[in-house]
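The values are calculated or read from the model by the stated rules, or taken from the named source; none is laboratory data. Computed from a prediction, not measured in an experiment: that's the story for all the values here. Here Cβ is always computed from backbone atoms with ideal geometry, including for glycine, and neighbour counts include all displayed protein chains.
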Amino acid sequence: MLYDIPGRSGVPINTETIVRLAEHPRIVANKDAKGDLGRASWAIATSGLAWYSGDDMLNLPLLSVGAVGFVSVVGHVVAPELRALLDAHLSGDVTKATEIHQKLLPVFTGMFRTQGVITTKAALALQGLLSRSPAHAARRADPGGDRAAQARSRRPAGYSSETDFTTGYGPTTASARRSRATCPTGCVARVVRRDF
């Protein structure tokens, strides 16, 4: 899989280069985090590669021009919702796919307020899925102290400890937490992958 992530590499892979690389028998897919639907459309049409969205905000738009799935940061915390989005799109239910996409917009935005790994670990820790995290270390260093009071004062109106902050869908069930907890780190690609 090619990783076309100009935000990390500083340079996008040109469409012509992708088409030439697609001739190599061991290159079968591309992760697109370029943010350019026009270039993606041309590359999908001419390369024959399986195309994966690498920019969560563009998951649905890239599916609409031929992508087959996602290599996702937010998938670590909302894999079932991304699976539902993909299933709705593949079944032709554009309205449902759009609704799911729009409900996930705050997650897409929030997860990238800083580097994705940092926010992913914080989100998983808040869901109780990580036993050790920077937040955990801070609580151990100052149990019940000023940090806890500051965190409570910053919670949005209507917040409760049962609110699933990642999606805004309300309470997270124990079974949902268990199913996410048993999913290994790389599970999102398996969950949303379509055979090509």
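Structure notes:
- The requirement of being at pLDDT 80 or above and either assigned to a helix (DSSP H, G or I) or under 23 Å from Leu37 (Cβ atoms) (or both) is fulfilled nowhere in the range 127-139; no residue meets it.
- Filtering the range 2-21 to residues that are surrounded by 14 or more Cβ atoms within 10 Å (Cβ to Cβ), among the hydrophobic types (A, V, I, L, M, F, W, C) and either at pLDDT below 95 or not in a helix (DSSP H, G or I) (or both) leaves Leu2, Ile5, Ile13.
- The conditions of being in contact with a His (Cβ under 8 Å, 6 or more places away or on another chain) and at pLDDT below 95 are met by Thr120.
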